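K.L.:
Before I ask anything, here is the structure I am working with.
The values are calculated or read from the model by the stated rules, or taken from the named source; none is laboratory data. On a predicted model such as this, the values are computed, not experimentally measured, just so you know. Don't worry about glycine lacking a Cβ; one is built from the backbone with ideal geometry, like all the others, and counts go over all protein chains shown.
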Amino acid sequence: MQKPKSSSATQVLIRLVGPRDEQLLAAIVELGDRFNKTLGFMPPAAYTQAAAENRLLAAMAGRKLVGYTLFSLPRQQIRLTHLCVDPDSRGQGIGRLLVDEISTRHHDRSGIVLKCRKDYGYDGMWRQLGFEARNEVDGRGKARKPLVVWSRDHNHPHLFSDLESTALLSVAMDCNVFADLHSSGERHGAEESRTLTSDWLAGLVDLAVLPQLKEEIGKIADSVERRRQLQATHGYAEPGVSRNDADRLLKELRLAVQAHIGDKRQLSQNDLRDLRYVAECGASGIRFLVTRDEILASLSDIAMSVCQVRILRPSDIVLHVDELTRAQVYQPGDLLGTSLTVQAVPAGQEQGQLVFLNKAASERRNAFVAELRRLAAHPARWVRQQVVDAEGAIAAIYGYGVRDGQLVVPLLRVLDGHPMHQTLARQILFRLRDHCRRSGVRVLSLTDSHLQPSVRIAAGEDGFREHGKALVTLVLDVCADAQTVDEQAQSAAALIDLPVPAVPTAMPAAAAAALERAWWPVKITDSQLPCFLVPIQPMWSSDLFGIPSALIPRDDHLGISREHVYYRAARSRGEKVPARILWYASSDKNQSVSAVIACSRFDATVVDTGRSLYSRFRHLGVWGLDDILRACRDQGQARALLFSDTEIFPRPVGLHRVQSLAAQRQHPLGVQSVFEITPDLFSAIYQEGQPAQ
């Protein structure tokens, strides 16, 4: 859409840039490269991807490009990555036109955030554009100059605006990337690695140094250069690496890679040094290794299968930082086949639980043991559970009980260093929330005074808020209009004197999705959140949701995974996010369901090649590469539907009943492909699937 703007720039039009606007994209890349010292280098592929995802706006004076803005849409916020105006056109209000257009197009988001170096002297400009300084953080790069965090609020209730992840994407560097960042000499292609030090990535990516990197730096002949680079390593995280685990993984990697390349050549010492990075990455629990080495990058599939490590180029991180962060913190695919079980904590096990003492928060051993014993002494008041693997090792412990109308959780710990500790934290929180729902409890309170950072981050993403010394959230089992939801929320919040803002009517989609996440399983029927009926084959509904029941029972001791992906043909059926999904399990030659069986939150949709989709979303489990390639059919591409927080209906709603509900509302209905339905029909089907009152 092109619109004339204010009188100060009457000849300037703001337009959306599409992936086929090749000349315009080239002009934008050229303009961005001219000012990459302040903007940070951005690979051309990032502009193309932003155009394909409607995240790139151009300011045009006739046919001339006079400015552009590139942004991203993580969860409920808008992250401003680039705002650039040609020097010859500055002072005409073009920057405001671009920022205003972002707000107009995405007003349902909580607001726009950005980071800008303090010494650039742009504070006055950001204030004129409607931004307020919120914080100051350390910058990236060698100098780590201070960055000011600026935000422009869209004036939605703040409860629905604060669910952004504070999780960092942990990425280990190989020697090539590190040298690109810290070598005293110029290196060909180093600008790609320098994207990792862009200011906008501050607070998003945590670069790490492995022992193998220090070993290689130690072999640099020039003593001045060697000391320079060793000194630079002190500015990065240095994860603990078990040498025995790394040696074991290196041996497995060596065998797998040698089998892959066959007799064509034997692995060299350089090859083994490269593989050592992968092995140490796996041994440290870091999921991602960044390199510009093409040969090493080509072994990513082997690294993933042996070490659960993805090998990426710097540009991959820039392109997919939010997606990669989600892959890091939630890996439901890793829960499959792990034999993790939830069981009651046996009596007298306090000493074995000392591994959960939070030493980093100065928790006292005696106080921790006393709390464990207090919970154990009152089994009628407190349910104590632990997550245990097949060898009997405890991966997590938690305790809860109902007090004064709320589910109180005085203990929730996951084992630091466990490869799935972030996934377990999110899964346990959802398990507790589901327990509230089934028990009719409307307030969930985490009162553990020594929660680990991973649990706090997971709780923050889930809508928990600080209240006194606890983290609390509401659990509202209601599907109704905003007024009814507001009444329920105020009533529940009054139990603990928690102030909550009023729930507005006609709430924008992103704000409604944030609220429905924070107060799950609430559904606001008069919001602008779209609803879709999505058909799913019985074989996949069985794998994803356990319906119909499989011959081999699902290993679902931890409950259904919070995040999933489903694949279908690439052709668009009007999918848009955020939204809600009702899952219609169809019938095939082996199984007949023909019913709506579940409801999920629809988070994202991505079209790509089968292999690319498999690489990007394999951590979500269930689907293999061959399955995705079949979904591509003859098109070469498939569409991924990413969804979360699924509710299985206690009473599946059969096709005839769904058709009847649609007919009563004179609503067209399709169950052969993705089909958008009204909130009214969604509500009717959803209510039909709930237990009889």
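K.L.:
Is at least one residue of region 526-537 buried (at least 24 other Cβ atoms within 10 Å of the Cβ) and either out of contact with any Pro (no Cβ under 9 Å at 6 or more places or on another chain) or among the basic types (Lys, Arg) (or both)?
P.N.:
no
K.L.:
Can you confirm whether LEU255 is in contact with a helix residue (DSSP H, G or I) (Cβ under 8 Å, 6 or more places away or on another chain) and either part of a loop (DSSP other than H, G, I, E, B) or outside the structural domain of LEU39 (by TED's automatic domain parsing) (or both)?
P.N.:
no
K.L.:
Read through the list (1) surrounded by 21 or more Cβ atoms within 10 Å (Cβ to Cβ); (2) under 23 Å from ALA604 (Cα atoms), then give the number of the only condition that ALA58 fails.
P.N.:
With (1) surrounded by 21 or more Cβ atoms within 10 Å (Cβ to Cβ); (2) under 23 Å from ALA604 (Cα atoms) applied to ALA58, the lone miss is (2).
K.L.:
Please verify whether region 198-211 includes one or more residues that are at pLDDT 95 or above and assigned to a helix (DSSP H, G or I).
P.N.:
yes
K.L.:
Given the structure, is ALA367 among the small types (Gly, Ala, Ser), modelled with pLDDT under 90 and outside the structural domain of LEU201 (by TED's automatic domain parsing)?
P.N.:
Spelling it out, it is not the case that ALA367 is among the small types (Gly, Ala, Ser), modelled with pLDDT under 90 and outside the structural domain of LEU201 (by TED's automatic domain parsing).
K.L.:
For region 19-53, name all the residues that are at pLDDT 90 or above and basic (Lys, Arg).
P.N.:
The answer is ARG20, ARG34.
K.L.:
Considering each of ARG580, ARG568 in turn, give the residue that is in a strand (DSSP E or B), more than 20 Å from the chain's Cα centre (by Cα) and of a type in the set (Lys, Arg).
P.N.:
The match here is ARG568.
K.L.:
Quick one: ASP119 ticks every box in (1) under 25 Å from the mean Cα position of the chain (by Cα); (2) under 18 Å from THR197 (Cα atoms) bar one, so which box is it?
P.N.:
Going through (1) under 25 Å from the mean Cα position of the chain (by Cα); (2) under 18 Å from THR197 (Cα atoms) one by one, ASP119 breaks only (1).
K.L.:
Right, here's the next one. How do the strands (runs of 3 or more DSSP E) wholly within region 65-138 filter down when requiring 2 or more residues that are touching a residue at least 24 places away in the same chain (Cβ under 8 Å): which remain?
P.N.:
77-85, 111-117
K.L.:
Kindly indicate whether VAL593 is part of a strand (DSSP E or B), more than 29 Å from the chain's Cα centre (by Cα) and either farther than 27 Å from GLN308 by Cβ or modelled with pLDDT of 95 or more (or both).
P.N.:
Working: part of a strand (DSSP E or B): yes; more than 29 Å from the chain's Cα centre (by Cα): yes; either farther than 27 Å from GLN308 by Cβ or modelled with pLDDT of 95 or more (or both): yes.
Yes: the conditions hold for VAL593.
K.L.:
Is region 447-456 home to any residue that is more than 11 Å from LEU412 (Cβ to Cβ) and in contact with a Phe, Trp or Tyr (Cβ under 8 Å, 6 or more places away or on another chain)?
P.N.:
So far as region 447-456 goes, no, none of its residues is more than 11 Å from LEU412 (Cβ to Cβ) and in contact with a Phe, Trp or Tyr (Cβ under 8 Å, 6 or more places away or on another chain).
K.L.:
Related question: Against the conditions (1) buried (at least 18 other Cβ atoms within 10 Å of the Cβ); (2) in a loop (DSSP other than H, G, I, E, B), where does PRO499 fall short? Just the number, please.
P.N.:
It is condition (1) that PRO499 fails.
K.L.:
Suppose the filter is of a type in the set (S, T, N, Q) and within 17 Å of VAL321 (Cα to Cα); does THR38 pass it?
P.N.:
Values: of a type in the set (S, T, N, Q): yes; within 17 Å of VAL321 (Cα to Cα): no.
No.
K.L.:
Additional query: Considering only residues that are charged (D, E, K, R) and at pLDDT below 90, which ones fall in region 88-128?
P.N.:
Hits for region 88-128 are ASP108, ARG109.
K.L.:
Given (1) over 23 Å from the mean Cα position of the chain (by Cα); (2) surrounded by fewer than 21 Cβ atoms within 10 Å (Cβ to Cβ); (3) in a helix (DSSP H, G or I), identify the lone condition not met by VAL306.
P.N.:
(2)
K.L.:
Pick from SER527, SER561, SER541: which is at pLDDT below 90 and over 23 Å from the mean Cα position of the chain (by Cα)?
P.N.:
None of the other options fit; the residue is SER541.
K.L.:
Among the residues of region 11-27, how many are closer than 21 Å to GLY95 by Cα and not β-branched (Val, Ile, Thr)?
P.N.:
Adding up the residues that qualify gives 9.
K.L.:
Separate question: Name the single residue that is modelled with the lowest pLDDT among those in region 141-162 being assigned to a loop (DSSP other than H, G, I, E, B) and either within 22 Å of the chain's Cα centre (by Cα) or farther than 20 Å from VAL177 by Cβ (or both). Walk me through it before giving the result.
P.N.:
Just the residues of region 141-162 that are assigned to a loop (DSSP other than H, G, I, E, B), to begin with: 141-146, 154-157, 161-162.
Add one more test, that the residue is either within 22 Å of the chain's Cα centre (by Cα) or farther than 20 Å from VAL177 by Cβ (or both), and what stays is 145-146, 154-157, 161-162.
Values: LYS145: 84, PRO146: 90, HIS154: 87, ASN155: 81, HIS156: 72, PRO157: 62, SER161: 45, ASP162: 48.
Ranking the candidates gives SER161 first.
Residue-by-condition table, conditions (1) over 21 Å from ASP316 (Cβ atoms); (2) surrounded by fewer than 20 Cβ atoms within 10 Å (Cβ to Cβ):
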{"residue": "ARG601", "(1), (2)": "yes, no"}
{"residue": "ASP608", "(1), (2)": "no, yes"}
{"residue": "TYR614", "(1), (2)": "no, no"}
{"residue": "GLY624", "(1), (2)": "yes, yes"}
{"residue": "LEU641", "(1), (2)": "yes, no"}
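K.L.:
Do you know which residues across region 657-677 are under 22 Å from THR646 (Cα atoms), modelled with pLDDT of 95 or more and over 28 Å from the mean Cα position of the chain (by Cα)?
P.N.:
Selection gives ARG657, VAL658.
K.L.:
When both residues are 6+ apart or on different chains and their Cβ atoms are under 6 Å apart, which pairs have a first residue that lies in region 647-674 and is touching a residue at least 40 places away in the same chain (Cβ under 8 Å) and charged (D, E, K, R), and a second that is assigned to a strand (DSSP E or B) and surrounded by 15 or more Cβ atoms within 10 Å (Cβ to Cβ)?
P.N.:
GLU647/CYS599
K.L.:
Let me ask another. For CYS599, work out the one condition from (1) in contact with an Asp or Glu (Cβ under 6 Å, 6 or more places away or on another chain); (2) outside any strand (DSSP E or B) it doesn't fulfil.
P.N.:
Condition (2) is where CYS599 drops out.
K.L.:
If you don't mind, another one. Looking for whichever is crowded, with 20+ Cβ neighbours inside 10 Å, closer than 23 Å to PHE368 by Cβ and modelled with pLDDT of 95 or more here; the options are VAL485, VAL472. Which one fits?
P.N.:
VAL472
K.L.:
Of all residues in region 407-446, which are over 21 Å from LEU372 (Cβ atoms), buried (at least 22 other Cβ atoms within 10 Å of the Cβ) and among the small types (Gly, Ala, Ser)?
P.N.:
Within region 407-446, no residue meets the criteria.
K.L.:
Take region 502-525 and flag every residue that is in a loop (DSSP other than H, G, I, E, B) and surrounded by 24 or more Cβ atoms within 10 Å (Cβ to Cβ).
P.N.:
Passing the criteria: VAL503, MET507, TRP519, TRP520.
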